[in-house]
Amino acid sequence: MFDEALSGIDMSGKGNSSTAPRAFLNYIFFDQEMNYVRAGFLKITTAAQRVGVYETISLNDIVADREGYILAYLSNENQEAVNVHFDDFMVYHGKTNVVSTQDYYPFGLIFGSYQRTASTPNNYKFNGKELDSNTGWHQYGTRHYDASIARWIQIDPVGDLMHEWSPYNYNYNNPVNYIDPDGAIPWPIRKWFIKSGFRKATPDGVFGERRIGYRPSYTHRGIDLNFSGGGDTDRGAAILSTHGGKVIEVRKFNTHKNSAGTYVKIQGPNGNIQTVYMHLDEVSVEEGDQVTEGQVIGKMGGSGFGKKDAHTSHLHFEIIVKDADGKFQQIDPWAGGDQPVDAQVLIDRGASVENIVSSLDSQSKSLSNHIGSQEKRLARREAKGKDTSRLKGRISRNKKLLEQTNNVRDALSGLL
């Protein structure tokens with residue numbers, strides 16, 4: 001009954017003897033609508049012509065690349081009467097380990113997917129975030145994201161620090177170069193830790209202060225970040241990589257005696273920027289690992305001086321940049337004023353300190369000109385007796401951003 005259906009179909013198969021009977025193991029694969037997809041066969045050999053000898057034939061490389069049906073059958077197609085006996089005919093269905101797949105456009109829309117029939121649905125989709133089937137939004141923790149419009153549903157909780165961007169923008173409209181692990185500005189620690197509360201708005205230890213309570217005394221070359229609970233309540237909080245790159249050093253507290261304790265050092269792809277995360281309680285990466293911005297690399301602790309609990313729990317965070325002489329120098333990670341310097345942004349702005357400084361200088365000049373134009377507009381509105389409260393707020397935020405930009409630029413300029 002398949003002669004008409006198979007007319008004109010090139011059935012690729014295997015055979016190794018023209019003298020063997022024309023007897024075959026065959027299969028035809030159809031899709032869910034019973035449309036032909038492909039077919040194949042395997043011809044028996046002369047091995048079983050001897051008395052008491054049996055031949056095992058099998059087709060072991062049939063892969064179902066879509067849902068559908070397979071017809072497997074045996075045939076004796078000799079023109080003359082030739083007896084061929086088949087026994088123990090069996091079809092084995094081996095399921096793949098893949099339960100579901102999704103292919104995404106950069107902003108998160110799916111353009112191809114597969115879900116095994118009768119399998120438990122996976123609700124963790126784009127970037128591993130849970131998808132609400134009722135709204136179509138992804139839950140990122142701080143906010144909800146709608147991939148269909150490439151926008152957050154809620155405003156950025158710290159959007160006043162990036163007022164030149166819409167508070168609803170996703171990854172600066174550039175999801176190829178940036179990720180956003182929780183809907184907030186990337187820090188080495190998350191905004192919230194359940195055992196301790198919110199992260200503190202400013203560091204407990206600042207860059208450049210002289211530490212004289214130690215022998216010998218030293219200059220603090222990073223910042224100390226904590227959550228609000230105090231003491232050791234933030235021990236175990238996740239530590240995040242602030243940029244993509246390669247883990248170039250991992251040291252455990254019991255392998256040395258300095259104050260850093262267990263620490264991780266990550267180098268950016270261009271080789272000119274490094275970050276260091278000290279006093280960790282646990283480490284979840286190894287030397288040579290490639291990491292992405294926002295990836296968990298360890299847990300907060302208080303290790304140092306060869307002990308696991310030498311300090312009160314906190315994160316000591318450093319940014320190190322290669323200067324004009326090719327030497328690495330620490331810069332103030334808090335030069336932005338209200339938040340840590342974003343190491344990923346520094347990496348993306350250029351391959352050298354000179355390029356980063358030049359980019360920041362151009363940004364500073366452009367922002368200064370914009371503020372000047374706003375102030376002239378303010379003067380005109382005041383002269384006409386119009387409301388200026390919103391314009392004053394924008395000018396104030398722009399001046400704050402200008403100060404932050406200049407602080408980072410000047411810190412990096414000192415390395416040239």
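Observations on the structure shown:
- Spatially proximal lysines relative to K392 (Cα-Cα < 19 Å; intrachain offsets below 8 disregarded): K376, K384, K400
- For V250, V176, the sequence from fewest to most other C-beta atoms within 10 Å is V176, V250.
- A Förster radius of 45 Å combined with the Cβ-Cβ distance from S358 to E33 puts the calculated FRET efficiency at roughly 0.15.
- Amide H to amide H, with H built 1.01 Å from N, N272 comes under 5 Å of no residue 5 or more places away or on another chain.
- Tally of Lys pairs whose C-alpha atoms are under 13 Å apart, taken over segment 251-319, 8 or more apart or cross-chain: 7
- Taking 19 Å as the straight-line reach from the Cα of K129, the lysines in range (excluding those fewer than 8 positions away in the same chain) are K191.
- Using only side-chain charges placed at the Cβ, +1 for Lys and Arg and -1 for Asp and Glu, the dipole size of segment 23-107 relative to its Cα centre rounds to 160 debye.
- Estimated vicinal HN-Hα couplings, Hz - segment 191-202 in sequence order (Karplus 6.51, -1.76, 1.60; Gly, Pro = x): 5, 9, 10, 4, 7, 10, x, 7, 5, 5, 6, 9
- Working note: Debye formula, equal point scatterers on the alpha-carbon atoms of segment 260-331, no solvent; log10 I(q)/I(0) at q = 0.15, 0.16, 0.20, 0.23 Å⁻¹ is -0.54, -0.60, -0.86, -1.02.
- Note on L391 and W192: the model spin-label points, each 7 Å out from Cα along the C-beta direction, lie 3.9 nm apart.
- For q = 0.17, 0.21 Å⁻¹, Debye-computed log10 I/I(0) when each Cα of segment 104-154 counts as one equal scatterer: -0.52, -0.76
- Positive dipole terminus of segment 221-289, leading residue within I273, G261, H243 (C-beta point charges): I273
- Each residue of segment 283-298 is assigned a 3J(HN,Hα), and the resulting list reads 10, 10, 10, 10, 4, x, 5, 8, 10, 10, 4, x, 6, 6, 10, x Hz, derived from the Karplus form 6.51 cos²θ - 1.76 cosθ + 1.60 (θ = phi - 60°), x at Gly and Pro.
- Between segment 67-98 and segment 239-307, the Cα center-to-center distance that results, in Å: 58
- Counting neighbouring beta carbons within 10 Å and listing from fewest to most, the residues S362, S313 come out as S362, S313.
- Neighbour-count order for D387, D410, fewest beta carbons within 10 angstrom listed first: D387, D410
- Extreme residue, positive dipole direction of segment 23-69, given options I57, T45, F24 (C-beta unit charges): T45
Read-outs: derived from the displayed coordinates by stated rules, not from any lab. Not measured: the values here are computed from a predicted model. Glycine gets a Cβ as well: all are built from the backbone with ideal geometry, and neighbour counts include every protein chain shown.
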